[in-house]
1. Restricting the search to the range 78-90, which residues are part of a strand (DSSP E or B) and among the aliphatic types (A, V, I, L, M)?
2. Can you list residue pairs whose Cβ atoms sit under 7 Å apart, with the first residue in the range 232-244 being closer than 25 Å to A36 by Cβ and free of Cβ contacts under 8 Å to residues at least 24 places away in the same chain and the second being of a type in the set (S, T, Y) and part of a helix (DSSP H, G or I)? Count only pairs 6 or more apart in sequence or on different chains.
3. Quickly run through the range 427-483 and pick out the residues that are under 30 Å from Q411 (Cα atoms) and among the hydroxyl-bearing types (S, T, Y).
4. Between a residue in the range 203-227 that is at positive phi and any residue that is assigned to a loop (DSSP other than H, G, I, E, B), which pairs come within a Cβ distance under 6 Å, given they are 6 or more apart or on different chains?
5. Somewhere in the range 124-143, is a residue of a type in the set (D, E) and within 27 Å of the chain's Cα centre (by Cα)?
6. Which of the residues belonging to the range 361-410 are open to solvent by 30 Å² or more (accessible area, probe 1.4 Å), hydroxyl-bearing (S, T, Y), at pLDDT 90 or above and within 26 Å of G576 (Cβ to Cβ)?
7. Consider I60 carefully, then state whether it is over 23 Å from L171 (Cα atoms) and either touching a residue at least 12 places away in the same chain (Cβ under 8 Å) or under 23 Å from the mean Cα position of the chain (by Cα) (or both).
8. Give me the pairs: first residue in the range 22-33 and surrounded by 15 or more Cβ atoms within 10 Å (Cβ to Cβ), second residue aliphatic (A, V, I, L, M) and in a helix (DSSP H, G or I), beta-carbon distance under 8 Å, and six or more apart or on different chains, which are they?
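The values are calculated or read from the model by the stated rules, or taken from the named source; none is laboratory data. Nothing here was measured: the structure is a model prediction, and the numbers come from that model. Don't worry about glycine lacking a Cβ; one is built from the backbone with ideal geometry, like all the others, and counts go over all protein chains shown. Side chains are part of the model used for accessible areas, which takes the heavy atoms of the whole protein and leaves out ligands, DNA and RNA. Shrake-Rupley method; radii C 1.70, N 1.55, O 1.52, S 1.80 Å.
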Amino acid sequence: MSEFIHLHTHTHYSMLSSTILPEDLFEACQKLGMSAVGVTDHATMFNMPQLFGEAKKFGIKLLIGAELFIAPTSRHDKSSTEAHHLNVLIKDDVGYKNLCKILSASAREGFYYRPRADKELITAHHEGLICMTSCDRGELAKLVLKNDEQGARRFIAFHKELFADDFYIELERHNAPEDARLNKELIRLAKDFGVKLVATNDVHYLERKDADAQEVMLAMKSKTTLSNPKRMKFPTDEFYFKSADEMALLFDNEHHELSNTLEISEKCTFKFSDQTPRLPHFPLPDGFKSDSDYLRHLTYSGVAKKYGDLESLGERGQKIKERIDYELATVDKMGFSAYFLIVSDLIAASRKQGYSVGPGRGSVAGSIVAYLTDITQVEPLQFNLLFERFLNPERVSMPDIDIDFTPVGKQKVLDYTIEKYQNESVSKVIAISTLGAKAVLKDVGRVLDVPLETVAQITKLVPSKPVGITLAEAIENVKELKDLRKSPDAKIRKMIEFALTLEGRARNVSVHAAGVVITNGAVDEYVPLYVSDKVETEERRFADEEDDGETSTKAKSKGEKQVVTQFDKDYIEKAGLLKIDYLGLETLAVIDETLKLIEKRYNKKLNLARDSDGRPKDVQDFSRRKNGGHLSV
């Protein structure tokens, strides 16, 4: 086994700072004989379940944490952009919850160009965490290099008292000008205070040869070009994933700085595994003891409205009752009664406010309980739809009901959700954008000062279909692109090679168009939170509607942020959280508007769900493929 493991490693989730994909990182660990690795992305744990899943595939122990940005005074002070780096790793479940709190508050309360924590946060949530002093941008290194002896000693004393034996001073050697002086002073201070040392390499790319690609990435981040001498860049090409032997050439382990990496690994026992679904509490009306009791009540109330007396329906009524009881028993056994109640309530809230809801989409249309609780408007027995396609007791997974609202209704229901379950228990879901084939060509071309016309001509060579085609696939299939790898123009050759290296890396974060998470208690008790600039505040008046002085478009104030989870739609449910998709369809808004205009101009109030007779002629026309002029059906 290797006598050293990396504890200060960045993946591509350190936005536009690292070129490393998680699967490539763990493959490199396996190749170099390292049994574990510490990942410390910048102020985030984006898609942590993905990292644990990939690590497991390669048999690598993942130590997860973050490189925090610490505000010099308070996270609430926005007078300075300066921030000190500080590394933390999670030891156990307590540490995970505490880091979730730190990261969430850093984003929601301390965001100023970047998420920032402060000493107050660290003090309140230090349990279960290992603290390391980070790189030359850490506060301790800055104090040492400024010859501020007293400041350095105060820093060490504070963190040693807080973290005790879980506080380590980092030593790094990247062949930078100040490395020797800095490390000499750090070793002296560590001896004075009896603090352990740990050797790290601030890893931002896997191999030395990737340094140029990472430099291009940094230029993309700072929106500059490689020709700008003042651009942000690393001082050397030493920030790669070095082998244990290479690290042993840099450090002699005289102060146990190499072997202490293994000590830290042993301390970190936190593991993430897929969580069982945890549904939020649904407030029950008086007289009901459980979610299943209330769901049964709502279901049979729907029976009275939609079927009448089941006994009078004879054999059909018996089949309906058997289907209802079967579904209710399955839902109760799987623990999803609250889910049905929550979704039914949200849909009812939209309709009460005068905004239409879609009739139901996907496999939920096979549920008679969903039909009777007004989640859908499709009678499943009439069309022989299967409930098991929606909910199967042999496959325990969170139900997935997508709800179609009008765009304004969607926002109104989100406001209702926050009011009912409290702001701290509701969050939107993050969307992490990655560099696609065309986008990476454009970004790299700009950084290399390739003329815009040339970049445009090259990106047009990338086929639009199939959607999501990679640059490598495009090069394989388009001769003109393949020939560019041998172009006489060195810039063009570099553009293609850098684009191939950087494609698929995370580029920025935004808000998922539909996903909303609802939890019992605060969301950041379960997952860390982040913020995005996109804030949905959709307002709209119907045609012919006069301004009553109260309805207005909500302005997006400067600097306003949208709180989002740090796990995206593919991983939020792995944390056991309820995600409901609130879809905003303009088509529904048009239908609503049309119905209002009909009522206003012709004094006729239509109810499409009630007044529709199935439109047999339309069915016949579609069966005969007479569907011209319809975009989707």
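1. Narrowing the range 78-90 to residues part of a strand (DSSP E or B): 84-90.
Once the filter is applied, which keeps residues that are part of a strand (DSSP E or B) and among the aliphatic types (A, V, I, L, M), the range 78-90 yields L86, V88, L89, I90.
2. Filtered contacts from the range 232-244: no entries.
3. S427, S433, T434
4. Note: no pairs meet the criteria.
5. The first filter runs over the range 124-143 and keeps only residues of a type in the set (D, E), leaving 127, 136, 139.
Checking which are within 27 Å of the chain's Cα centre (by Cα) leaves us with 127.
So far as the range 124-143 goes, yes, one or more of its residues are of a type in the set (D, E) and within 27 Å of the chain's Cα centre (by Cα).
6. Initial filter on the range 361-410 (open to solvent by 30 Å² or more (accessible area, probe 1.4 Å)): 361-363, 371, 374, 377-378, 381-386, 388-389, 392-397, 400, 402.
Restricting the remaining residues to those that are hydroxyl-bearing (S, T, Y) gives 363, 371, 397.
Those left that are additionally at pLDDT 90 or above: 363, 371.
Answer for the range 361-410, where residues must be open to solvent by 30 Å² or more (accessible area, probe 1.4 Å), hydroxyl-bearing (S, T, Y), at pLDDT 90 or above and within 26 Å of G576 (Cβ to Cβ): just S363.
7. Numbers: over 23 Å from L171 (Cα atoms): yes; either touching a residue at least 12 places away in the same chain (Cβ under 8 Å) or under 23 Å from the mean Cα position of the chain (by Cα) (or both): yes.
So I60 passes the test.
8. Filtered contacts from the range 22-33: P22/L51; P22/A55; F26/A55; L32/A244.
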